[in-house]
Amino acid sequence: MLGDLDLSVAAFLSRLLPAGTAIQFGAPDASWAAAPSRGPRLDAFLYDVREAQPPASDGVLTRDENGHAVGWQPPVRRYRVSYLITAWAGGGPVASVPTDPALGEHELLGSVLAGCATVAAIPPDCLHGTLAEAGEPVPLVCAGTDRAADAAQLWPRLGVPARTALDLRVVAPVVPPLLTELAPAVRGLEVGVQRKPPSAQAEARPARAEGWERRHITEG
């Protein structure tokens, strides 16, 4: 799912950025700032994955057109995936700001922020693989208030000087496969009764009318 999510995020972000802007998914590297031969690019570093919410049910029994049970469908699981978005102007001009790389990088990030503000989910025609097959929305939030970690906490761990960044949060569904190994269907009922033999203690008591002891119904 994560590989399909990367492709889906890249397809969406490419619509928001100037032509010729590359999109990559590795961890930021300080050497990128000193790479004048490279053109402008956007890095989406996937740094956190966690379940968004527990499933609402245990699943449903799936039946065919004749009403026969064919499998047990576990519930959809949803995961919140967080990307750290950084822009790297490189040596080429970015849009209308050719002199200051930082301003060009801010323009790239501004395009992402503005584009994310107009949608609530990744457009369906941007979804790839299992995400497209799931038929579920893939909500996104850019620069939300409940991000997994502040960028200031990540820079020391990555060895990169602090720079402007956005936090992109995407909630991606995972549809588990259908479980087709079911218990055999009940084909009939067997009802049995059993006459209880008298015990030694019962023989000492006054005789009483014989009867049948009630037994449980068993299914087979």
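The values are calculated or read from the model by the stated rules, or taken from the named source; none is laboratory data. Predicted model only: the values in this text are computed from it and were never measured. Neighbour counts are summed over all protein chains in view; Cβ atoms, including those assigned to glycine, are modelled from backbone coordinates with ideal geometry. SASA here: full protein model, heavy atoms, side chains in, ligands and nucleic acids out. Shrake-Rupley method; radii C 1.70, N 1.55, O 1.52, S 1.80 Å.
Which residues, taken from segment 107-119, are of a type in the set (A, V, I, L, M, F, W, C) and either assigned to a helix (DSSP H, G or I) or more than 25 Å from the chain's Cα centre (by Cα) (or both)?
Leu108, Leu109, Val112, Leu113, Ala114, Cys116 - these are the residues of segment 107-119 that are of a type in the set (A, V, I, L, M, F, W, C) and either assigned to a helix (DSSP H, G or I) or more than 25 Å from the chain's Cα centre (by Cα) (or both).
Do we find a residue being in a loop (DSSP other than H, G, I, E, B), at pLDDT 95 or above and surrounded by 11 or more Cβ atoms within 10 Å (Cβ to Cβ) anywhere in segment 51-62?
no
Considering only residues that are modelled with pLDDT of 85 or more, assigned to a strand (DSSP E or B) and either closer than 22 Å to Ala27 by Cβ or in contact with a Leu (Cβ under 7 Å, 6 or more places away or on another chain) (or both), which ones fall in segment 63-106?
Tyr79, Arg80, Val81, Ser82, Tyr83, Leu84, Ile85, Thr86, Ala87, Trp88
Being under 24 Å from the mean Cα position of the chain (by Cα) and surrounded by 15 or more Cβ atoms within 10 Å (Cβ to Cβ) is the filter here, so list the residues in segment 8-23 that pass it.
Within segment 8-23, Ser8, Val9, Ala10, Ala11, Phe12, Leu13, Leu16, Ile23 meet the criteria.
Looking at segment 1-25, I want the residues that are free of Cβ contacts under 8 Å to residues at least 40 places away in the same chain and farther than 16 Å from Leu168 by Cβ and have a partner that is open to solvent by 40 Å² or more (accessible area, probe 1.4 Å) and among the basic types (Lys, Arg) with Cβ atoms under 9 Å, at least 6 apart or on another chain. Which pairs are those?
That search, which allows pairs on different chains as well, returns Ala22/Arg38.
Can you tell me which of (1) at pLDDT 90 or above; (2) touching a Leu at 6+ places or on another chain (Cβ under 7 Å) is the one Ala114 doesn't meet?
The number of the failed condition is (2).
On the given criteria, is Asp29 of a type in the set (Asp, Glu), more than 19 Å from the chain's Cα centre (by Cα) and modelled with pLDDT under 80?
no
For a quick check of your reading of the model, give me the residue pairs whose first member lies in segment 70-83 and is within 28 Å of Ala149 (Cβ to Cβ), whose second is hydroxyl-bearing (Ser, Thr, Tyr) and modelled with pLDDT of 80 or more, with beta-carbon atoms closer than 7 Å and at least 6 apart or on different chains.
Once the first residue is within 28 Å of Ala149 (Cβ to Cβ) and sits in segment 70-83, its partners that are hydroxyl-bearing (Ser, Thr, Tyr) and modelled with pLDDT of 80 or more give Ser82/Tyr47.
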